[in-house]
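Here the structure comes first, spelled out in structure tokens, and everything after it is commentary.
The values are calculated or read from the model by the stated rules, or taken from the named source; none is laboratory data. Since this is a predicted model, take the numbers as computed values, not measurements. We place every Cβ from the backbone using ideal geometry, glycine too, and count neighbours over all the protein chains shown. These area figures cover heavy atoms from the full protein model, side chains too; ligands, DNA and RNA do not enter into them. Shrake-Rupley method; radii C 1.70, N 1.55, O 1.52, S 1.80 Å.
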Amino acid sequence: MRVESNIRACRNEVRAVRAAGATVGLVPTMGALHDGHVALMRRARERTRYVAVTIFVNPTQFAPGEDFGKYPRNLDADLEVCRAAEVDLVFTPNVAAMYGSGTQTLVHVAALTEGLCGPFRPGHFDGVATVVAKLFHILPADVAFFGEKDYQQLAVIRRMVTDLNISVEIVACPTVREHDGLAMSSRNAYLSPAERRQAGSLSAALFAAVNRVAEGQRGTAEITRGIREAIVAAGPCRIDYIEVVDAQTLARLAAVDRPARICLAVHIGSCRLLDNVAVDAATAGR
Ligand code: AMP
């Protein structure tokens, strides 16, 4: 496994691999790797001959006052995880290498970033889209792997790739969860033991809502009220949003009458937790 922080060296390596006829898979991450990341690497390992992982805590996707400074970083442990997953290349640039003296260019995906996390994290998706576009240029892969855990991010990246004619296939990977259903996240490390127990209420509330849709519930006001009540009953928290949106456009829905996604963002302690599940009236009850 090669570990490389130099942009030109990485680009040359990936170009050479592709010129030799091998397919390249890319897994962008911010490190503090867990089994959710590993699932993406495994998927890449199955699909592509050569697997590149990036580890970069991207400052431009943190809004002012967010946790950029204290975001968990542990490169040695992360490299072990990558080695065990038989990754070929780990790209670990520093901020200066990625942004030099700053950047004047931003990739802005419009409508998809207006709802859900958009208003709560100003500039976040511009930072994400921009850094992912940069990574696609630095490591020109055939296929890139992203988690459904960050559903809005996935939609934004798909749209960016379409709109900018970037030649990479985007593969979505299902959310990997802890035993109690909590979606794995590097930020879960911020939770105290009591908060960690409480955090299980988010996925439990979402799964209960999926069951209610399967039993025939369709109105999204009712659906989100049920989720909100279950989460609030579990302990102190601050809810940014609980919404049912069109699975493609992320437009808010009044009823589950098409493939949809229930998405939420909830603060427990100092941790902002995201989760989402699929619901679809057409397949409900099967
Ligand atoms: P991050 O390091 O949090 O920026 O995430 C890097 C990639 O891993 C993104 O595509 C995430 O959606 C994905 N990811 C993070 N957590 C999970 C999870 N629990 N299950 C599946 N994918 C995940």
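Where does each of T103, T175 land when they are ordered by accessible area, with a 1.4 Å probe and the largest first?
Ranked from most to least accessible, the order is T103, T175.
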task: Quick one: among G31, G127, G235, which has the greatest mean-square fluctuation in a GNM of the chain with alpha-carbon springs under 10 angstrom?
output: G235
Rg/Rg_globular for the chain, with Rg_globular taken as 2.2 N^0.38 Å and Rg from C-alpha atoms: 1.02
task: Report, by chain and number, residues whose modeled amide H sits under 5 Å from the one on F68, excluding near sequence neighbours (fewer than 5 apart, same chain).
output: none
statement: Toy charge model, Lys and Arg Cβ at +1, Asp and Glu Cβ at -1: the range 1-73 dipole around Cα centroid in debye, rounded to 20, equals 380
statement: Along the dipole axis of the range 48-204 (charges at Cβ: +1 for Lys and Arg, -1 for Asp and Glu; origin at the Cα centre), the most positive-end residue among A110, I166, Q198 is Q198
field: Alpha carbon Rg of the range 91-149, scaled by the compact-globule rule 2.2 N^0.38 Å
entry: 1.25
query: Per-residue ellipticity at 222 nm for the chain, helices alone: DSSP H runs ≥ 4 residues times -39500 (n - 2.57), over residue total, nearest 500 deg cm²/dmol?
result: -12000 deg cm²/dmol
Among A133, A221, A20: highest mean-square fluctuation, GNM of the chain, C-alpha pairs under 10 Å: A20
Sequence-distant residues sharing a close amide H with I170 (under 5 Å, placed H): A144
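Output the antiparallel fraction of DSSP beta bridges having both residues in the chain, as a percent to the nearest 5.
Restricted to the chain, the bridges split so that about 50 percent are antiparallel.
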task: Averaged over every viewing direction, what's the projected area of the C-alpha convex hull for the range 145-286? Give it in nm², one decimal, please.
output: 9.0
message: If you roll a 1.4 angstrom probe over the protein chains with everything in place, what fraction of the accessible area of the range 124-189 belongs to carbon and sulfur, to the nearest %?
response: 47
query: Mind listing the phi-derived Karplus ³J(HN,Hα) values for the range 246-252, rounded to whole Hz, using 6.51, -1.76 and 1.60 with θ = phi - 60°, and x for any glycine or proline?
result: 4, 4, 9, 8, 6, 6, 5
- request: Would you mind working out the magnitude of the charge dipole of the range 178-286 relative to its Cα centre, with +1 at each Lys and Arg C-beta and -1 at each Asp and Glu C-beta, to the nearest 20 Debye?
  value: 120
- request: Pick out, from C82, A141, G127, the residue whose Cα sits farthest towards the positive end of the charge dipole of the range 62-160, with +1 on the Cβ of Lys and Arg and -1 on the Cβ of Asp and Glu.
  value: G127
message: Taking the Cα centre as origin and putting +1 on Lys and Arg beta-carbons and -1 on Asp and Glu beta-carbons, what dipole magnitude results for the chain, to the nearest 20 debye?
response: 240
- prompt: Any idea what log10 I(q)/I(0) is at q = 0.10, 0.14, 0.17 Å⁻¹ for the range 95-215, Debye with uniform C-alpha scatterers and no solvent?
  reply: -0.42, -0.78, -1.04
query: What whole-number value in Å² describes the accessible area per residue of the chain for a 1.4 Å probe?
result: 46
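Which net charge results for the neighbourhood of R225, defined as the other residues with beta-carbon distances under 13 angstrom from its beta-carbon, given Lys and Arg at +1 and Asp and Glu at -1?
-1
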- line: Heavy-atom accessible area with a 1.4 angstrom probe orders T92, T162, most exposed first, as T162, T92
- line: Along the range 66-77, Karplus-curve 3J(HN,Hα) (6.51, -1.76, 1.60; θ = phi - 60°) to the nearest Hz, with x for Gly and Pro, reads 7, 8, 3, x, 9, 4, x, 10, 7, 5, 4, 5
field: Under 13 Å, Cβ to Cβ, from A247 - net charge with Lys/Arg +1 and Asp/Glu -1
entry: -1
Protein-only accessible surface order, largest first, of F62, F207, F91 at 1.4 Å: F207, F62, F91
